[in-house]
Amino acid sequence: MSILRLMTRDGQAVAPSSRPHGDGAEAAARDIEAIYRMERIRLVAGLAKQVGDISLAEELAQEALVSALATWTDNGTPPNPGAWLMTTAKRRAVDLWRRRRMMARHEASLAHDIETGRVDAHAAVEASLDDEIGDERLSLIFTACHPLLSRDQRTALTLKVIGGLTTEEIARAFLTPETTVAQRIVRAKKALRDADVGFEVPLGDERDARLASVLEVIYLIFNEGYAASRGEDLIRPQLCQEAMRLGRILVGLAPDEPEAHALLALMELQASRFKARVAADGSALTLETQNRRLWDRLLIQRGLEGLATVNHLGGEDGIYALQAALAAVHARAARYEDTDWAASAALYDRLLARVPSPVVALNRAVAHTMAFGPEVGLALLAAIEGKPQLATYPPLYAAKGDFLFRLGRAAEARTEFMQAAALSGNETERTFLSERAKTCITT
């Protein structure tokens, strides 16, 4: 959202009409917008913990931004813009509490902190930014991903509040009506408010359960970008970039959590293949046909370093750690022929023991096919084909088609590829599967 079209609570556009519209004013506005983007999460997190309401925290942050636009354009950026924004927002909170008689029990202490003097107030806010705001940002992430919210609500709220995406951007990324996304966000905020959820990092078993929810939401966002379930594009890089950015925030705030490092490593290793996954004409390319010189070596290096950190922390048997290790098998192979499929099969054996899901079992069958032959893969598929979760899952039919094709059973393979194509909701994937079906005719 451009700072020049920032919306207030009543829906009216706020524009710096009293300021000159020359290059200097435009440059100042861009600088303020850049600062706000950097400080926004810290600001909303701190305010949410103070007022106990994400919507109100966002309003206060935006009003502080409007004040910054009016003040900094003439007077220049203050030495600590984050502290300035926080102080301004908290002063606005005091005004709101007085006028609406909200949260009267907090007014005296907060008003005293802010109104005792500018220097003291700034010092207090700077101290909170330096010493406590990290915990507050982490608490905001845990709150946005609270298990009481549905998966769709958690995803939308996380992208809106933590990722900073607009409702329109979220809707476009997920090919969902904007009104639907807006309703999810509103309902999520209301559910948190009605349940009086505390803006804090939970402890013990509850923290572990909530961390799993946080990781799930971030990975869900990444996966929708990495293999889009709908639409024309195979990849939606914006979603993947947002997921990795959220992952880096989480790692920075929870550096001792091995699964946080593992998820980030997994996403970086997967994202390293982006440039090689789609041909010039937009068609999909498999691992076997990708030009590995196009793989991003920096992302691979980061991913492998993250995986080393996971092992150092003793988290190598974690769910995301095992998946990152699987991605690393491919990242370490200079050529497709160099892939250590036996290592991949062994990792899938371990992952299936941790996550006994039909999808993991399907991927395990693929790895075992590559390591030990398609007959082995078909036998493993036979054990899961009747699972209702896979009845309309295109990869099941695509995998079976590939196994049959490798055995020379082209007619049967074609039937499976056609079924996979019919079930796919992604146009690029559907085209790829249809082409594979045609290949079976000419074989």
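None of the figures in this text is laboratory data; all of them are computed from the coordinates on show. These numbers were taken from a predicted model, which means no experiment stands behind them. With ideal geometry, Cβ positions are generated from the backbone for all residues, glycine too; neighbour counts draw on all protein chains shown.
So how far apart, in nm, are the two label points at Q241 and V197 if each is 7 Å from Cα heading toward Cβ?
Each label point is offset 7 Å from its Cα along the Cβ direction, giving 2.8 nm.
Ranking L138, L347 by Cβ neighbours within 10 Å, fewest first, what do you get?
Placing the least packed residue first, the sequence is L138, L347.
Calculate, in nm to one decimal, what N80 and A334 gain on full extension: separation in residues at 0.36 nm each, minus their alpha carbon distance.
86.7 nm
Please arrange T158, T415 by counting, for each residue, the other beta carbons lying within 10 Å of its beta carbon, fewest first.
So the ranking, lowest neighbour count to highest, is T415, T158.
For the pairs K275/K400; K49/K189; K387/K438; K400/K438, note any where the Cα-Cα span goes beyond 22 Å.
Correct reply: K275/K400; K387/K438.
Under 1.5 on a/c is rounded, so check that first for segment 392-443, then, if it is not, pick prolate when a/b is larger than b/c and oblate when it is not; a ≥ b ≥ c are the square roots of the alpha carbon gyration tensor eigenvalues.
Cα axes put segment 392-443 in the oblate bin.
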